[in-house]
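Data first, discussion second: the structure below is written as structure tokens.
The values are calculated or read from the model by the stated rules, or taken from the named source; none is laboratory data. Every value quoted in this text rests on a predicted model; they were computed, and no experiment measured them. Every residue, glycine among them, receives a Cβ derived from its backbone with ideal geometry; neighbour counts consider all protein chains shown.
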Amino acid sequence: MKSLFNTSDNQEMITRINRLTANDKAGWGKMSVDQMLVHGQRPLQVAFGELKLKRTFIGFLFGSIAKKKLTSDEPWKKNLPTDKNFIVKEHYNVDGEKKSLIRLVQRFGQAGPNEISKEPHPFFGQLTSQEWDTLTWKHLDHHLKQFGA
């Protein structure tokens with residue numbers, strides 16, 4: 001499994017983000033590329049403890065089951081449900097949001113496992129730094145594939 005903590009994997013993710021343009025269209029789903037770039041930042045903000053969200057009831061019930069499935073080696077399915085806090089309806093400047101996402105990806109890799117939040121994830125519950133890393137990689141990978149990057 002690739003890791004944002006790994007320097008070459010981190011750079012690969014940044015290269016893929018840099019390939020995106022304002023004209024890219026999603027292969028599935030409802031988001032535009034600018035919305036996806038903002039959407040991709042929010043879980044990283046949660047991982048750093050900067051975006052604090054309350055644990056959901058559904059998360060208490062199904063979070064650990066979903067965590068097992070989503071941290072497995074299997075690719076994520078298209079059109080998975082999205083937490084309302086991560087739905088982006090506004091539109092943004094693509095180049096500005098690419099820079100913001102890249103800064104967060106770089107920071108995640110440079111900060112390393114000890115700088116990741118120890119607070120429970122709002123849906124999945126308690127996560128190890130490895131689980132944060134796996135979920136973050138797979139989430140970004142999923143959406144970059146959505147836009148052909």
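Restricting Arg42, Arg55 to those that are among the charged types (D, E, K, R) and within 16 Å of Leu144 (Cα to Cα) reduces the list to Arg42.
Just checking, how many residues over the stretch 1-19 are more than 14 Å from the chain's Cα centre (by Cα) and among the β-branched types (Val, Ile, Thr)? The total comes to 2.
Scanning the stretch 20-61 for residues that are over 14 Å from the mean Cα position of the chain (by Cα) and free of Cβ contacts under 8 Å to residues at least 40 places away in the same chain yields Asn23, Lys30, Glu50, Phe57, Leu61. Of the helices (runs of 4 or more DSSP H) entirely within the stretch 1-114, those holding at least 1 residues that are in contact with a helix residue (DSSP H, G or I) (Cβ under 8 Å, 6 or more places away or on another chain), under 23 Å from Leu127 (Cβ atoms) and polar (S, T, N, Q) occupy 7-19, 33-47, 94-111.
Considering the conditions (1) farther than 19 Å from Lys54 by Cα; (2) surrounded by fewer than 20 Cβ atoms within 10 Å (Cβ to Cβ); (3) touching a Leu at 6+ places or on another chain (Cβ under 6 Å); (4) not charged (D, E, K, R), Pro122 is excluded by exactly one of them, (1). When Trp132, Trp137 are checked against the criterion of being touching a Leu at 6+ places or on another chain (Cβ under 8 Å) and on the phi < 0 side of the Ramachandran plot, a single residue qualifies: Trp137. In the set (1) part of a helix (DSSP H, G or I); (2) among the hydrophobic types (A, V, I, L, M, F, W, C); (3) at pLDDT below 95, Phe123 fails one condition alone, (1).
For the stretch 6-55, a residue qualifies if it is out of contact with any Ser or Thr (no Cβ under 8 Å at 6 or more places or on another chain) and aromatic (Phe, Trp, Tyr), and exactly one does: Trp28.
Checking each residue in the stretch 82-103 for being of a type in the set (S, T, N, Q) and either within 11 Å of His39 (Cα to Cα) or exposed (fewer than 12 other Cβ atoms within 10 Å of the Cβ) (or both) picks out Thr82, Asn85.
Consider Lys78 carefully, then state whether it is modelled with pLDDT of 90 or more, touching a Gly at 6+ places or on another chain (Cβ under 8 Å) and closer than 28 Å to Asn18 by Cβ. Considered against the rule, which asks whether it is modelled with pLDDT of 90 or more, touching a Gly at 6+ places or on another chain (Cβ under 8 Å) and closer than 28 Å to Asn18 by Cβ, Lys78 comes out as yes.
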